[in-house]
Amino acid sequence: MSEMPITSQWLSALPKAELHLHIDGSLQASRLLQLAAKNSVQVPYASVEEVEAAYDFTDLQSFLDLYYLGASVLQDESDFYHLMMDYLLKCKEQNVVHAEIMVEPQTYLPNGVSFSTMMSGFKRAITEAQDSWSQSVLLILSFLRHLSEEDALRTLAQAAPFRDQFVAIGLASSELAHPPEKFERLYKTAREQGYLAVAHAGEEGPPGYVWGALDVLQVDRIDHGVRSIEDADLMSRLVATQVPLTVCPLSNIRLRVFDQMADHNILELLDQGLRVTVNSDDPAYFGGYMNENFMAMEAELGLTRTQALQLAKNSFTASFLSEDLIARYIDQVDQFT
Ligand code: ADE
Ligand code: ZN
């Protein structure tokens, strides 16, 4: 007998974790304009429609140019509080019970924002969400790979007073021409300090960048990694080790990694036995949060309930939560019908 199709109601009730989310990528157009006006930051847009008209990307770099411009409106503690709270309210609405969120201090520090301003706004929102609806959150200290390794090492040193607020480090921004090997020393230093590690690799970059992230940076998880499918040995390695991939379907379409959702390889990766998860990356810019990503997969790839349940379980097993908590969340998914 064939399965019942996925409905948005069913999906909304399914407990899920999000493991690949840039907090600046959750800056909604209306919030961007409000903060630009409040902080007297010049942006070349007068309305939400004008901001959204700029969401017409040709590749990763064309998106990053707008993404960094957007983040320049964030200035004081309350701005960071609202940015985080807007996203956590979405988690509540979509039953994303656990989120591992990338924070990129190198975006704000040159604008005169201090590490403690940013962290205290984020922490205030996270504490409120934990207290009022038991939202689970871990933070990832993510570095910008178009900048130097020295800059990243200086930023890692600045993060020292906030060490206990981050579970892992990450690596994002322009991938091509900035291979993982550029950050070998950074990852070694951070791992010595007890950080876990993730890195973007194999989004626009070739499978060699995924090898570099695994072997040189020794990451615990790969962000994106969809181009791994071009290398059979790499696929075998990912199946054998179960190093997770945090895949972002809508992002990959909007940044033209695939021409259309029907061409996306996420279900092929899942079928081949990789530990794949679904994530939104930069939901304000790419047309959807977690549930919209699942629904697009349902509409264009024929995602089944069995596959969605597997992806939800993967989101917890691939997380940096304790084994106990993972087991508890897996039980919740097992009891979900
Ligand atoms: N920063 C925000 N989104 C990103 C993406 N999809 N790839 C690399 N860096 C990013
Ligand atoms: Zn990303």
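Filter the range 28-84 down to residues that are assigned to a helix (DSSP H, G or I), more than 27 Å from residue 120 (Cβ to Cβ) and out of contact with any Phe, Trp or Tyr (no Cβ under 8 Å at 6 or more places or on another chain), then give me how many there are.
So the count comes out to 9.
Just to be sure, is residue 39 open to solvent by 10 Å² or more (accessible area, probe 1.4 Å), more than 16 Å from ligand 1 (Cβ to nearest atom), polar (S, T, N, Q) and in contact with a Pro (Cβ under 8 Å, 6 or more places away or on another chain)? If you could, list the steps in order and put the result at the bottom.
Details: open to solvent by 10 Å² or more (accessible area, probe 1.4 Å): yes; more than 16 Å from ligand 1 (Cβ to nearest atom): yes; polar (S, T, N, Q): yes; in contact with a Pro (Cβ under 8 Å, 6 or more places away or on another chain): no.
In short, no.
Tell me which residues, restricted to the range 229-254, are in contact with a Gly (Cβ under 7 Å, 6 or more places away or on another chain) and open to solvent by 10 Å² or more (accessible area, probe 1.4 Å).
239, 250, 254
Please go through the range 99-119 and give me each residue that is surrounded by fewer than 18 Cβ atoms within 10 Å (Cβ to Cβ) and not in a helix (DSSP H, G or I), ordered by number.
Those that are surrounded by fewer than 18 Cβ atoms within 10 Å (Cβ to Cβ) and not in a helix (DSSP H, G or I): 112, 114.
Among the residues of the range 23-45, which ones are in contact with a helix residue (DSSP H, G or I) (Cβ under 8 Å, 6 or more places away or on another chain) and either within 16 Å of ligand 2 (Cβ to nearest atom) or small (Gly, Ala, Ser) (or both)?
Matches in the range 23-45: 23, 24, 25, 26, 27, 29, 30.
Can you tell which of 32, 66 is open to solvent by less than 30 Å² (accessible area, probe 1.4 Å) and touching a Gly at 6+ places or on another chain (Cβ under 8 Å)? Step through it out loud before you land on a result.
On the way: 66 fails: touching a Gly at 6+ places or on another chain (Cβ under 8 Å).
Only one candidate passes the filter, namely 32.
Among what's in the range 179-207 and is open to solvent by less than 40 Å² (accessible area, probe 1.4 Å) and within 14 Å of ligand 2 (Cβ to nearest atom), pick the residue that is nearest to residue 318 (Cα to Cα).
198
Residue check: is residue 162 crowded, with 17+ Cβ neighbours inside 10 Å, farther than 27 Å from residue 234 by Cα and over 19 Å from the mean Cα position of the chain (by Cα)? Working first, answer last.
Details: crowded, with 17+ Cβ neighbours inside 10 Å: yes; farther than 27 Å from residue 234 by Cα: yes; over 19 Å from the mean Cα position of the chain (by Cα): yes.
Yes: the conditions hold for residue 162.
Within the range 124-142, does at least one residue satisfy the condition of being touching a residue at least 12 places away in the same chain (Cβ under 8 Å), farther than 30 Å from residue 313 by Cα and either open to solvent by 60 Å² or more (accessible area, probe 1.4 Å) or part of a helix (DSSP H, G or I) (or both)?
No, the range 124-142 contains no residue that is touching a residue at least 12 places away in the same chain (Cβ under 8 Å), farther than 30 Å from residue 313 by Cα and either open to solvent by 60 Å² or more (accessible area, probe 1.4 Å) or part of a helix (DSSP H, G or I) (or both).
Among the numbered conditions (1) out of contact with any Leu (no Cβ under 7 Å at 6 or more places or on another chain); (2) buried (at least 23 other Cβ atoms within 10 Å of the Cβ), tell me where residue 210 comes up short.
Failed condition: (1).
Out of the residues in the range 208-233 meeting the condition of being closer than 23 Å to residue 162 by Cβ and among the aliphatic types (A, V, I, L, M), tell me which one is nearest to ligand 2 (Cβ to nearest atom).
It comes out as 219.
When residue 96 is evaluated against the numbered criteria (1) without any contact (Cβ under 8 Å) to a residue 24 or more places away in the chain; (2) buried (at least 18 other Cβ atoms within 10 Å of the Cβ); (3) β-branched (Val, Ile, Thr), which criterion, by number, is the only one it fails?
Condition (1) is where residue 96 drops out.
Name the pairs: first residue in the range 244-264 and among the small types (Gly, Ala, Ser) and at pLDDT 95 or above, second residue within 13 Å of ligand 1 (Cβ to nearest atom) and in a strand (DSSP E or B), Cβ to Cβ under 8 Å, at least 6 apart or on different chains?
251/281
Scan the range 69-93 residue by residue and report those that are within 16 Å of ligand 1 (Cβ to nearest atom) and open to solvent by 10 Å² or more (accessible area, probe 1.4 Å).
If the condition is that a residue be within 16 Å of ligand 1 (Cβ to nearest atom) and open to solvent by 10 Å² or more (accessible area, probe 1.4 Å), then 69, 72 are the ones that fit.
What is the one condition in (1) of a type outside the set (Gly, Ala, Ser); (2) touching a Lys or Arg at 6+ places or on another chain (Cβ under 7 Å); (3) free of Cβ contacts under 8 Å to residues at least 12 places away in the same chain that residue 198 does not satisfy?
It fails just one condition, (3).
What helices (runs of 4 or more DSSP H), lying completely within the range 256-337, carry at least 2 residues that are open to solvent by 10 Å² or more (accessible area, probe 1.4 Å)?
Numbers: elements: 266-271, 283-286, 290-301, 305-317, 323-334.
Because the criterion is at least 2 residues that are open to solvent by 10 Å² or more (accessible area, probe 1.4 Å), the helices (runs of 4 or more DSSP H) in the range 256-337 that meet it are 266-271, 290-301, 305-317, 323-334.
Within the range 219-228, how many residues are within 13 Å of ligand 1 (Cβ to nearest atom) and open to solvent by 40 Å² or more (accessible area, probe 1.4 Å)?
Of the residues in the range 219-228, the ones within 13 Å of ligand 1 (Cβ to nearest atom) are 222-227.
Within this subset, residues satisfying the condition of being open to solvent by 40 Å² or more (accessible area, probe 1.4 Å) are 227.
Counting residues in the range 219-228 that are within 13 Å of ligand 1 (Cβ to nearest atom) and open to solvent by 40 Å² or more (accessible area, probe 1.4 Å) gives 1.
What is the residue count in the range 143-159 for residues that are under 22 Å from residue 76 (Cα atoms) and open to solvent by less than 20 Å² (accessible area, probe 1.4 Å)?
Summing the residues that are under 22 Å from residue 76 (Cα atoms) and open to solvent by less than 20 Å² (accessible area, probe 1.4 Å) in the range 143-159 gives 5.
The values are calculated or read from the model by the stated rules, or taken from the named source; none is laboratory data. Predicted model, so just to flag it, every value in this text is computed and none were measured. Using ideal geometry, Cβ is built from the backbone for each residue, glycine included, and neighbour counts are taken over all protein chains shown. Note: accessible area is taken over every heavy atom of the protein model, side chains too, but ligands, DNA and RNA are not part of it. Shrake-Rupley method; radii C 1.70, N 1.55, O 1.52, S 1.80 Å.
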